[in-house]
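**Q** Below is the structure I would like to discuss, written out as structure tokens.
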Amino acid sequence: MYCTRRQFIKTGLMALPMIGFGSRLLAKTTGFPVNSQDLSFLGNNLNLMYRSEWTDVLPQLNVMRKAYKYDRITVHHAGNGVYCETDEKTIINTLAGIQNAHVKRHYGDIGYHFVIDYTGRLWEGRSLDWEGTHVSGENDRNIGVMLLGNFEKQWPSSEQLNSLSSTVSLLKDHYNISSQYVYGHRDLSPSFCPGCNLYPYVQQLRKDQGDPLSDFKIAASSKTTNYRKVQPSRTDQSSLSSDFKMAASSKITNYRRAYSFTRPVNN
């Protein structure tokens, strides 16, 4: 039986919605499901948002590496523009955007294991069963924690600092990670990440002296101009920044030798 041209076109138009649905379904099913990571060690004090609460996109495990041990933690910021969003739906859309960008770069999934928003909520990112993709060439044994915001342009909230301090402490205890192996992205590669207004906190976390962020938290919560007084001098920051620019421009492969940081020896 033959169909007229009009019938053919009508049949094709009716099929278009199904093609779109199939494309969205394929995007979700081309990855592979993973077992939910037991995060009970993070306790009940953190406002933990599980991965299932913000995404149903499956990771592409064929381009990811299995994680077997962790002995360091690296702190990041999102970069881009100033970000102070507190609305849950808006943040979910932001995380989805980051995940989509990372998948397009063939990371297989969002590159960070955890993300902390402006309210201090801790979002589960990539499963800890899998190595992250957050520091080029330095992802093995390395947990990635990212704070939403650009801390070259803004200050982290006191809630973010509280959550960061607690998260790092709990990760250290669970994986037996020494405080000296808590890094900022810039410690491991030429980068301004996690920003000049967050990096001092990472340095304090590495010192591991009581509550390392207490002074910073008080200053941040007061939201006064005195907040800047607890930061390193601009001279110190400018000097540090110039070192990073020099290292990046000369493409020094042994960048870390200019600093006193060490990394765990692989066993």
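**Q** Any idea which of (1) more than 12 Å from PRO59 (Cβ to Cβ); (2) in contact with a Ser or Thr (Cβ under 7 Å, 6 or more places away or on another chain) is the one LYS89 doesn't satisfy?
**A** Answer for LYS89: the failing condition is (2).
**Q** Here is a further query. Can you spot a residue in the range 5-28 that is of a type in the set (Ser, Thr, Tyr) and either over 26 Å from LEU148 (Cβ atoms) or at pLDDT below 95 (or both)?
**A** There is at least one residue in the range 5-28 that is of a type in the set (Ser, Thr, Tyr) and either over 26 Å from LEU148 (Cβ atoms) or at pLDDT below 95 (or both).
So that you can scan it fast, the table gives a plain yes or no per residue for (1) buried (at least 17 other Cβ atoms within 10 Å of the Cβ); (2) modelled with pLDDT under 55:
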position: GLN154; (1), (2): yes, no
position: SER222; (1), (2): no, yes
position: TYR255; (1), (2): yes, yes
position: SER260; (1), (2): no, yes
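**Q** Regarding the range 45-58, can at least one residue be identified that is surrounded by 10 or more Cβ atoms within 10 Å (Cβ to Cβ), at pLDDT 90 or above, in a loop (DSSP other than H, G, I, E, B) and hydroxyl-bearing (Ser, Thr, Tyr)?
**A** Looking through the range 45-58, at least one residue is surrounded by 10 or more Cβ atoms within 10 Å (Cβ to Cβ), at pLDDT 90 or above, in a loop (DSSP other than H, G, I, E, B) and hydroxyl-bearing (Ser, Thr, Tyr).
**Q** As an exercise: evaluate ILE91 against (1) over 25 Å from ARG141 (Cα atoms); (2) in contact with a strand residue (DSSP E or B) (Cβ under 8 Å, 6 or more places away or on another chain); (3) assigned to a loop (DSSP other than H, G, I, E, B) and give the number of the one condition it does not meet.
**A** (3)
**Q** On the given criteria, is PRO194 within 21 Å of TYR118 (Cβ to Cβ), modelled with pLDDT of 95 or more and in a helix (DSSP H, G or I)?
**A** no
**Q** Quick check, is ILE98 farther than 18 Å from GLN203 by Cβ, modelled with pLDDT of 95 or more and touching a strand residue (DSSP E or B) at 6+ places or on another chain (Cβ under 9 Å)?
**A** Numbers: farther than 18 Å from GLN203 by Cβ: yes; modelled with pLDDT of 95 or more: yes; touching a strand residue (DSSP E or B) at 6+ places or on another chain (Cβ under 9 Å): yes.
Yes.
Yes/no per residue for (1) touching a residue at least 40 places away in the same chain (Cβ under 8 Å); (2) buried (at least 19 other Cβ atoms within 10 Å of the Cβ); (3) within 22 Å of TYR183 (Cβ to Cβ):
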| position | (1), (2), (3) |
| --- | --- |
| ASN93 | no, no, no |
| VAL103 | yes, yes, no |
| ASP109 | yes, yes, yes |
| ASP117 | yes, yes, yes |
| ARG121 | yes, yes, no |
| GLU124 | yes, yes, yes |
| HIS134 | yes, yes, yes |
| GLN160 | yes, yes, yes |
| SER165 | yes, yes, yes |
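The values are calculated or read from the model by the stated rules, or taken from the named source; none is laboratory data. Predicted, not measured: the structure shown is a model, and the values here were computed from it. As a convention, Cβ positions derive from the backbone with ideal geometry for all residues, glycine included, and neighbour counts pool all protein chains shown.
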